[in-house]
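What follows draws every value from the coordinates through simple rules; no lab data is involved. Note that the coordinates shown come from a computational prediction; the quantities given were computed from them, not determined experimentally. Please note: Cβ atoms are built from the backbone with ideal geometry, for glycine as well, and neighbour counts cover all protein chains shown.
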Amino acid sequence: MGLREQLDSFRAEFARTAPLGRVALYEARIDELRAGFGVEKAVGTGDQAPDFSLRDVRGNPVSLSGLLQRGPVVVTFYRGGWCPYCNIQLRAYQAIVPEMAARGARLVAISPQLSDGSLNTAQTNALTFDVLSDAGNSVARRFGLVYALPEDLRDALRSNNKALPAINGDASWELPVPATYVIAPDGRITLASIEVDYRKRLEPDAILAALTSLRPL
């Protein structure tokens, strides 16, 4: 089953079992975000990727510029290990890590959750790529991906024991819009996928195709 099918299957099961009114609430807030979020202001295809240095789950610094010295880099911003759609995406990307490596590329995943949460995400999903913690969404903000949750969504997350202040270590209730970038060794973004609807993610095949296009003929 492909990534899209997995995401759609989870979405259908959630719609069947969700508390009364929850699906309608989520649909309405996604529509509002789609109407109000400035995707055109985010870093996109053809732009130079902002450099960054973040800590991995072992506390080691990982910089984009350092990774690019060894080849292309795939950077994916996700909401956190508390998000089931994110976990489905990360597992699907883990499955193509060998194919990315064969194309000389590295994958890193970035979320605002605290380092313990990133470690748990990596262990739970058996991830072998770098999982980085972006405190305060500082890097996601430089990519133009950050938005704040409205109060009714904050209440919904509190009711699920997923209150973001405890998960992310700050009181902002901010998240990155899920986004995936394929970045050439010179730092140029050759593919940018920014999904305002967090239930949709870039297909693995699109990543591999973009990486293949970077290989010398």
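Points worth noting:
- Whole-angstrom gap from region 119-189 to region 25-62, using each part's C-alpha centre: 8 Å
- Highest average first, the peptides 131-144, 18-31, 106-119 ordered by how many other beta carbon atoms sit within 10 Å of their residues are 106-119, 131-144, 18-31.
- Volume of the convex hull of the chain (Cα atoms only), normalised per residue: 116 Å³.
- Cα lying deepest toward the dipole's positive end in the chain, options GLY169, ILE207, ALA49, charges on Cβ: ILE207
- Backbone amide hydrogens, once placed in the peptide plane, bring LEU107 within less than 5 Å of VAL74, ASP130, excluding anything fewer than 5 places away on its chain.
- If only the Cβ of Lys and Arg carry +1 and only the Cβ of Asp and Glu carry -1, the dipole of the chain around its Cα centre is close to 300 debye.
- Virtual spin-label span in nm between ARG55 and ARG141, 7 Å along Cα→Cβ: 1.9 nm
- Over the residues of the chain, the helix contribution to mean residue ellipticity at 222 nm works out to -12000 deg cm²/dmol, using -39500 (n - 2.57) for each DSSP H run of at least 4.
- The gain in end-to-end length when the ARG215 to ASN161 segment is fully stretched comes to 14.9 nm, 0.36 nm per residue minus the alpha carbon separation.
- Near TYR147, the amide H atoms lying under 5 Å from its own belong to LEU175, VAL177; only residues 5 or more places off or on other chains count, and H is placed 1.01 Å from N.
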